[in-house]
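The values are calculated or read from the model by the stated rules, or taken from the named source; none is laboratory data. Note that this is a predicted model, so its numbers are computed, not measured. Methodologically, a virtual Cβ is constructed for each residue, glycine included, from the backbone with ideal geometry; neighbour enumeration extends over all protein chains shown. For accessibility, only protein heavy atoms count, side chains too; no ligands or nucleic acids. Shrake-Rupley method; radii C 1.70, N 1.55, O 1.52, S 1.80 Å.
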Amino acid sequence: MKATAGQRDALIGYLMQAANGMREIDGCYLYIINSDPADPDAIWVTEVWRSQADHQASLSLEGTKALIAQARPLIAEMSQRIEVVPLGGKGLPNTVDR
């Protein structure tokens, strides 16, 4: 995603709050926020969920909705979404749905 000019650090702050909250959410295996060294406004978020249903359920939580509402004005664009199916590897439980 791209933050509005000069707001990347503020947006990363909200995403880090979300990451801290993910520790309490069942079904979230990985939630990592990455900065882009080539673009001062770009942020990459990498997520691994047990299922699409778990991800959708997380979006209905009041805390998640509140963070999205706060962060949304700082988002200039959602440029890419790449969805993949994890098959396994270091850091993933053996119960990843295939």
ask   = In the list D41, D26, which residue meets the criterion of being at pLDDT below 90 and touching a helix residue (DSSP H, G or I) at 6+ places or on another chain (Cβ under 9 Å)?
value = D26
message = Condition first: touching a strand residue (DSSP E or B) at 6+ places or on another chain (Cβ under 6 Å) and of a type in the set (A, V, I, L, M). Now tell me which residues in the stretch 17-36 satisfy that.
response = A19, M22, L30, I32, I33
ask   = Taking interchain pairs and intrachain pairs at least six residues apart, which have beta carbon atoms under 7 angstrom, with the first residue in the stretch 55-81 and touching a residue at least 24 places away in the same chain (Cβ under 8 Å) and the second assigned to a helix (DSSP H, G or I) and not small (G, A, S)?
value = S58/T64; L67/Y14; L67/Q17; Q70/Y14; A71/L11; A71/Y14; L74/L11; I75/L11
task = Residues being hydrophobic (A, V, I, L, M, F, W, C), part of a helix (DSSP H, G or I), closer than 15 Å to L11 by Cβ and touching a helix residue (DSSP H, G or I) at 6+ places or on another chain (Cβ under 9 Å): count how many of those fall in the stretch 57-98.
result = 4
remark   = The lone condition I75 fails out of (1) modelled with pLDDT under 95; (2) out of contact with any Asp or Glu (no Cβ under 6 Å at 6 or more places or on another chain) is (1)
message = Among the numbered criteria (1) on the phi < 0 side of the Ramachandran plot; (2) touching a strand residue (DSSP E or B) at 6+ places or on another chain (Cβ under 9 Å); (3) not in a helix (DSSP H, G or I), which one does L11 miss?
response = (3)
inquiry  = Can you tell me how many residues within the stretch 1-34 are surrounded by fewer than 14 Cβ atoms within 10 Å (Cβ to Cβ) and within 18 Å of R81 (Cα to Cα)?
reply    = 3
task = Taking L92 as the residue in question, decide whether it is open to solvent by less than 90 Å² (accessible area, probe 1.4 Å) and within 20 Å of Q17 (Cβ to Cβ).
result = no
task = Only residues that are touching a His at 6+ places or on another chain (Cβ under 9 Å) and among the hydrophobic types (A, V, I, L, M, F, W, C): list them for the stretch 28-81, please.
result = C28, W49
